[in-house]
Amino acid sequence: MQFESFTEFLNMGGYAFYVWLSFGVTFVAMAMIAIQSFIKHRNLMKQVVVEQERKARIKKARLQQQGSM
Amino acid sequence: MSLYQGVFKRDMHIAFKQKAELVQPLMFLLMVVTLFPLGVSPSPDTLQRIGPGVIWIAAILSSLMAMERLFRDDFQDGSLEQYVLSGMPLSAVSAVKVAAHWLVSFVPLLLLSPLLAMFLNLTVDMYIALVLTLLLGTPLLSLIGAIAVGLTVGLQKGGVLLALLLIPVFIPLLIFATSAVDSAALQLPYHAQLAIIAAMLLLAAALAPFAIAYSLKVSQN
Amino acid sequence: MWKWLHPYAKTERAYQLCSTLQPWFWVGAFVCLSVGTVWGLAFAPQDYQQGDSFRIIYIHVPSAILSMGTYVAMAIAALVGMVWQWRTAYMSMIAMAPIGAVMTFIALFTGAAWGKPMWGAWWVWDARLTSELILLFLYMGVIALYGAFEDKQQAGKAAGVMALVGVVNIPIIHYSVEWWNTLHQGATISKFDNPSIAPEMLWPLLINLLGFAFFIGAVTTVRLRNEIVLREMHRPWVQVLATKQVSKQQSGDAINASVKEGS
């Protein structure tokens, strides 16, 4: 450990603002792109299922129409 | 060979028919240059210091406007498709078209350059260097620009996108060209900068026609 | 020699490969980044000149290196796509673009935050920062071009051309900017004046570099899967997969909801 105490570690030899700002922004940016990718994945999968269900419904309706005719 | 001459003649003919499209980028160039004395400072020293950069930036911006014309009409009236189908090597055709485009849009710029040099209080040495860099640099603008034009020609809103794609690519040219003129202002030799621009031009001349041909094929899908 | 790679040109196999690799990438990224960051922040010795502010190096340098590396990887993917006509190559190229842009942004931001205490200004036209900025423009150009096309097949090819043009230009831009910088005598303190860095400072840097690389790999696999699903929406295997995943999610949600109600 390079620092005597935890407060000194937080203080970063007087550069606390710059160091923590850099690390904070970095990890927030990385988390954001990762989360965005996952959300997109989830939405896409849902979209595929919805599309599929819609198609199934159309097919079913067509079949019923043909049956009634 | 006569086929390429035909392409060349046709392009020149069309360009001179649409005079407005030729003149407008030049007027834009002139106006951008006029803004700098008004916006920064009219003092001759300042103008001389920023002059080379201003002229080159204005030239790049106006070239972006002129560039759009390069394949647009041919794309819209279908003659580009004819070129693709004709069996002529598309890279050669696009090289000819780029040459024609350079002649009609950048030679007038060279003719305009004495006026710009006067406006910005450039010395004779600086002016000579400026003309040399323009001579070597503007074909490079045309060649690289044509790749991006080929890619965006099928898009409805290609204009701003073209600028976004091309401006970063033109930065090295801007750096070397303005530094050549700056060296000329200090009575220093500027062969090195010219040699680098020439090297970039040769590289682009060797590779760009194939890239243009490929990008046109992508646009034709 | 390349035969073993060919199956991955098929989207289904590529999707499976991504799914297998992904957990390893995430674990690697998490482990390396936590070890490297904690080591760099708390245990690495201070720099004798810059004090503790130099600790920004542990994210600035890896992100800067990998922002360039990702662009090169994109260009290689584009080339592979062009030569062998692989759709998955274009897809992976476009999957890498946003994460590369984020890396470039991180390199720029940390460079600015490091520059403030060192140079006294948030932004200095230093050679490294300037070329990172231009790199960000190049990324934006590729992403914008890709977004402009309706037909994503065509979009991939077009963006690929632009990525290749950019990659030819990167060294030229890099050296021209460096040379421009020495001409104009911008920044006086170079961040890397001392060529040899002490090993106890270097190790966390390398670990973090590895961690960032794993992270880029992980996000790329997620995004590549997204691209594949987007393009192959009507393929049966995608539909089966989606049904499975969504029903699993829904049952998970249902369990969560019932737990909440119960408590």
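The values are calculated or read from the model by the stated rules, or taken from the named source; none is laboratory data. Predicted, not measured: the structure shown is a model, and the values here were computed from it. Here the Cβ is made from the backbone with ideal geometry for all residues, glycine too, and neighbour counts use every protein chain on show.
Of the listed requirements (1) of a type outside the set (Val, Ile, Thr); (2) exposed (fewer than 13 other Cβ atoms within 10 Å of the Cβ); (3) under 29 Å from B:PRO209 (Cα atoms), B:PHE8 misses just one: (2). When C:LEU164 is tested against (1) facing chain B (nearest Cβ under 8 Å); (2) in contact (Cβ under 8 Å) with a residue 24 or more places away in the chain; (3) surrounded by fewer than 19 Cβ atoms within 10 Å (Cβ to Cβ), exactly one condition is not met: (3). The residue of region A:15-43 that is nearest to C:ALA95 (Cα to Cα), among those that are at the interface with another protein chain (Cβ under 7 Å from one of its Cβ atoms) and among the small types (Gly, Ala, Ser), is A:SER37.
For (1) more than 10 Å from chain B (Cβ to nearest Cβ); (2) of a type in the set (Phe, Trp, Tyr); (3) surrounded by fewer than 18 Cβ atoms within 10 Å (Cβ to Cβ); (4) not in a helix (DSSP H, G or I), each residue gets a yes or a no:
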{"site": "C:ALA77", "(1), (2), (3), (4)": "yes, no, no, no"}
{"site": "C:VAL80", "(1), (2), (3), (4)": "yes, no, no, no"}
{"site": "C:THR88", "(1), (2), (3), (4)": "yes, no, no, no"}
{"site": "C:GLY100", "(1), (2), (3), (4)": "yes, no, no, no"}
{"site": "C:PHE105", "(1), (2), (3), (4)": "yes, yes, no, no"}
{"site": "C:MET118", "(1), (2), (3), (4)": "yes, no, no, no"}
{"site": "C:GLU132", "(1), (2), (3), (4)": "yes, no, no, no"}
{"site": "C:ALA159", "(1), (2), (3), (4)": "no, no, no, no"}
{"site": "C:HIS174", "(1), (2), (3), (4)": "no, no, no, no"}
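Inspection of region B:117-133 identifies no residue that is buried (at least 23 other Cβ atoms within 10 Å of the Cβ), at the interface with chain C (Cβ under 9 Å from one of its Cβ atoms) and modelled with pLDDT of 90 or more. Among the residues of region C:45-75, write down those that are facing chain A (nearest Cβ under 7 Å) and either surrounded by fewer than 23 Cβ atoms within 10 Å (Cβ to Cβ) or aliphatic (A, V, I, L, M) (or both). Of everything in region C:45-75, those that are facing chain A (nearest Cβ under 7 Å) and either surrounded by fewer than 23 Cβ atoms within 10 Å (Cβ to Cβ) or aliphatic (A, V, I, L, M) (or both) turn out to be C:PRO45, C:GLN46, C:GLY51, C:ILE56, C:ILE59. I'm trying to understand the selection: among the residues of region C:137-154, which are more than 7 Å from every other protein chain (Cβ to nearest Cβ), surrounded by fewer than 19 Cβ atoms within 10 Å (Cβ to Cβ) and in a helix (DSSP H, G or I)? Within region C:137-154, C:ILE143, C:GLY147, C:LYS152, C:GLN153 qualify.
Would you confirm whether any residue within region A:3-24 is at positive phi, loosely packed, with under 14 Cβ neighbours inside 10 Å, part of a helix (DSSP H, G or I) and modelled with pLDDT under 90?
Quick first cut of region A:3-24, residues at positive phi only: A:12-14.
Right, trim to loosely packed, with under 14 Cβ neighbours inside 10 Å and you get A:14.
Then drop every residue that is not part of a helix (DSSP H, G or I), which leaves A:14.
Within this subset, residues satisfying the condition of being modelled with pLDDT under 90 are A:14.
Yes.
When restricted to residues that are within 19 Å of the chain's Cα centre (by Cα) and surrounded by fewer than 23 Cβ atoms within 10 Å (Cβ to Cβ), region B:210-221 contains 2.
Checked against the criterion of being within 23 Å of C:ARG225 (Cβ to Cβ), surrounded by 10 or more Cβ atoms within 10 Å (Cβ to Cβ), more than 8 Å from every other protein chain (Cβ to nearest Cβ) and charged (D, E, K, R), region A:44-53 has at least one qualifying residue.
The single residue among B:SER41, B:SER63, B:SER91 that is under 20 Å from the mean Cα position of the chain (by Cα) and either buried (at least 18 other Cβ atoms within 10 Å of the Cβ) or without any contact (Cβ under 8 Å) to a residue 40 or more places away in the chain (or both) turns out to be B:SER63.
For region B:148-203, what are the residues that are surrounded by fewer than 21 Cβ atoms within 10 Å (Cβ to Cβ), small (Gly, Ala, Ser) and either within 30 Å of C:PHE149 (Cα to Cα) or at the interface with chain C (Cβ under 7 Å from one of its Cβ atoms) (or both)? Scanning region B:148-203 gives B:GLY158, B:GLY159, B:ALA163. The residues of region B:186-221 that are closer than 17 Å to B:PHE176 by Cβ, of a type outside the set (Gly, Ala, Ser), touching a residue at least 40 places away in the same chain (Cβ under 8 Å) and part of a helix (DSSP H, G or I), listed by number, are B:GLN193, B:LEU194, B:ILE197, B:MET200, B:LEU201. Within region A:1-14, the residues that satisfy the criterion of being within 7 Å of chain C (Cβ to nearest Cβ) and either among the aliphatic types (A, V, I, L, M) or within 18 Å of C:ALA213 (Cα to Cα) (or both) are A:MET1, A:MET12.
For region C:205-225, the criterion of being at the interface with another protein chain (Cβ under 10 Å from one of its Cβ atoms) and not in a helix (DSSP H, G or I) is satisfied by no residue at all.
Just give me the residues in region C:30-44 being more than 9 Å from chain A (Cβ to nearest Cβ) and either over 14 Å from C:MET201 (Cβ atoms) or surrounded by 22 or more Cβ atoms within 10 Å (Cβ to Cβ) (or both), in sequence order.
First pass over region C:30-44, keeping only residues more than 9 Å from chain A (Cβ to nearest Cβ): C:30-32, C:34-36, C:38-40.
Those that are more than 9 Å from chain A (Cβ to nearest Cβ) and either over 14 Å from C:MET201 (Cβ atoms) or surrounded by 22 or more Cβ atoms within 10 Å (Cβ to Cβ) (or both): C:PHE30, C:VAL31, C:CYS32, C:SER34, C:VAL35, C:GLY36, C:VAL38, C:GLY40.
If the condition is being more than 30 Å from C:TRP237 (Cα to Cα), at pLDDT below 90 and among the aromatic types (Phe, Trp, Tyr), then region C:9-58 contributes C:TRP39, C:PHE43, C:TYR48, C:PHE54, C:TYR58.
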